Amino acid sequence: MILLPPEHADIDTPTGPMRVHVLRPEHPNPLPGVVMFSEIYQVTGPIHRTAAMLAGQGYVVALPEIYHEYEDPGVAYNYDAPGTERGNTLKTTKPLSAYDADARATLDFLAQHPACNGRLGTLGICIGGHLAFRSAMHPDVQAGACYYATDIHSRSLGEGKSDDSLDRMADIPGEMLMVFGRQDPHVPAEGRRTIYDAMTAANVNFTWHEFNGQHAFMRDEGHRYDPAIAHQVYGLTYDLFARRLKS
């Protein structure tokens with residue numbers, strides 16, 4: 001499908017206006033929507049390209065700027081030491097309640113978008129994987145894809161590093177796709193086992209995929225990128241959303 005020029009909207013949240021980038025294909029009928037959460041670097045080139053590929057499959061994709069309280073609209077960090085430090089600092093500066101409120105606001109915005117038919121999914125990468133996981137706890141989200149979601153196993157998202165994601169697994173009503181790299185130091189084997197066991201105990205409907213890849217193997221910049229694995233993961237993601245959002 002041919003993509004329309006990117007759009008953006010500044011939507012209201014309890015902690016101030018948040019810029020949301022929207023990518024969608026040219027299509028005569030309303031389409032399912034996917035809220036996509038970025039890495040700690042916000043909406044970078046690789047994130048935008050991933051969103052464009054998903055939109056091209058027939059979805060309205062909304063990209064919120066996760067650190068909108070702390071940066072001007074449109075700010076994204078470089079993939080370098082200062083960018084990493086800034087992103088990681090804000091990850092545990094922002095309250096968990098603000099992340100959750102942002103997710104609800106973005107889901108509502110997307111559901112009401114004239115190009116969206118109201119069927120909703122969520123996708124996220126790194127911290128975004130954790131945010132997508134929490135977003136999937138909303139009853140109107142029918143599918144979620146999480147790429148090497150950080151901090152679930154350690155309960156360390158947000159101010160105070162004391163999130164409750166492990167305790168709320170049973171709140172997930174839809175189907176989840178969980179993707180991890182075996183060589184990812186941010187989610188080691190014992191951490192992956194903690195997440196898997198908790199999801200199993202909560203009877204979550206999920207598939208689990210581990211690849212021989214490092215953290216950020218989906219990012220099409222840098223030495224950790226593995227295009228062969230990325231191709232497989234995109235296929236799994238497209239299949240999930242087609243089954244859950246288009247059927």
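Quick notes
- Among the residues of the range 10-27, those that are surrounded by 14 or more Cβ atoms within 10 Å (Cβ to Cβ) and outside any loop (DSSP other than H, G, I, E, B) comprise Ile11, Met18, Arg19, Val20, His21, Val22, Leu23, Pro25.
- Enumeration of residues in the range 101-121 that are assigned to a helix (DSSP H, G or I) and surrounded by fewer than 18 Cβ atoms within 10 Å (Cβ to Cβ): Ala101, Arg104, Asp108, Ala111
- Contacts under 6 angstrom Cβ, first residue in the range 42-68 being closer than 14 Å to Ala230 by Cα, partner among the hydroxyl-bearing types (Ser, Thr, Tyr), 6 or more apart: Ile47/Ser38
- Check on Val43, at pLDDT 95 or above and either touching a Lys or Arg at 6+ places or on another chain (Cβ under 7 Å) or part of a strand (DSSP E or B) (or both): no
Every residue, every condition in (1) assigned to a loop (DSSP other than H, G, I, E, B); (2) surrounded by fewer than 23 Cβ atoms within 10 Å (Cβ to Cβ), yes or no:
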{"residue": "His138", "(1), (2)": "yes, yes"}
{"residue": "Gln142", "(1), (2)": "no, yes"}
{"residue": "Ala149", "(1), (2)": "yes, no"}
{"residue": "Ile152", "(1), (2)": "yes, no"}
{"residue": "Glu159", "(1), (2)": "yes, yes"}
{"residue": "Leu166", "(1), (2)": "no, yes"}
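- In the range 210-247, the residues that are in a helix (DSSP H, G or I), buried (at least 18 other Cβ atoms within 10 Å of the Cβ) and of a type outside the set (Lys, Arg): Ala230, Val233, Thr237, Leu240, Phe241, Leu245
- Any hit, the range 28-39, residues being assigned to a loop (DSSP other than H, G, I, E, B), under 18 Å from the mean Cα position of the chain (by Cα), surrounded by fewer than 20 Cβ atoms within 10 Å (Cβ to Cβ) and not basic (Lys, Arg): no
- Looking only at the range 179-209, residues that are surrounded by 16 or more Cβ atoms within 10 Å (Cβ to Cβ) and touching a Lys or Arg at 6+ places or on another chain (Cβ under 8 Å) come to 1 in all.
- Condition check for Thr84: over 24 Å from Tyr225 (Cα atoms), in contact (Cβ under 8 Å) with a residue 40 or more places away in the chain and among the hydroxyl-bearing types (Ser, Thr, Tyr): no
- Annotation note: of Ser135, Ser165, Ser156, the sole residue that is under 10 Å from the mean Cα position of the chain (by Cα) and of a type in the set (S, T, N, Q) is Ser135.
The values are calculated or read from the model by the stated rules, or taken from the named source; none is laboratory data. As the structure is a prediction and not an experimental result, all values here were calculated from the model. Using ideal geometry, Cβ is built from the backbone for each residue, glycine included, and neighbour counts are taken over all protein chains shown.
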